[in-house]
Amino acid sequence: MSAIKVDRLVRKFGPLAAVDAVSFEVSAGEIFGLVGPDGAGKTTIMRLLTGILEPTAGQAWVNAKDIDKQAEALKADIGYMAQRFGLYDDLTVLENIHFYADLYAVARLERPGRIKRLMEFSGLGPFGNRLAGKLSGGMKQKLGLMCCLIHTPKILFLDEPTNGVDPVSRRDFWRILYQLLKEKVTIFFSTAYLDEADRAGRVGLLHKGRLLACDQPAAIKNKYSSLDLEGAFMAAIREYEQS
């Protein structure tokens, strides 16, 4: 069963095609990485799939909902953590979580159990009354993720979630993501870190709005006779530019 299905999706800004006829599928319960440098179109695809932007052409479905025609209904099914997630520095950790619980209309009776579990899950338990502005970069990312999870979404969209985060915090963040996979949450993330992309079940290599390859990391490396994804990505770009 597909959690995400994308069919020749296009998004133009004037004459520029930021997303150019991209097609792929993500299975339910899968972790999928969209990999590419800045300007490749990763954030635009994220915003299209979460119903923030309207496509210029093509179609896509997230949890069987049309991203163009059912964008509002889609919001209850997904969690979206943008590169600059909207935490409020002058609110505490718990106040931020309650704020997002209000936005997602989480019932008051359901909140204590969910929040307790999320705080334990993330390791933020001792910091509930700390102002978000006083948290480290890694702890802010964890808090952002907890805010995205308060309504128990089926699909999680993470736009470069570990960008600028220290290695220890990156490791902790991935530990949380793998735990979510065990709970059958579908995870769609973007990254410019090719070593991080190796953690995904499958990856899509994105270059100038075009999807150059989409497969398991090992299969992509094997296709381009490379020991790592960076070498495979460079080979895919050369092949694309020569075609």
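Brief remarks follow.
- Of the Cα atoms belonging to region 2-242, the radius of gyration and Dmax stand at 18.1, 60 Å.
- Pairwise centroid distance, computed over Cα atoms, of region 174-233 with region 37-71, Å: 19 Å
- Projecting label points 7 angstrom from Cα along Cα→Cβ for Glu95 and Gln83 puts them 2.9 nm apart.
- Stretchable slack from Val168 to Leu131, in nm (0.36 nm times residue separation minus alpha-carbon distance): 11.1 nm
Read-outs throughout are calculated quantities, based only on the coordinates presented, and are distinct from any laboratory measurement. Small disclaimer: the values here were computed from a predicted structure and weren't measured. Neighbour counts run over all protein chains shown; Cβ positions are idealised from the backbone, glycine included.
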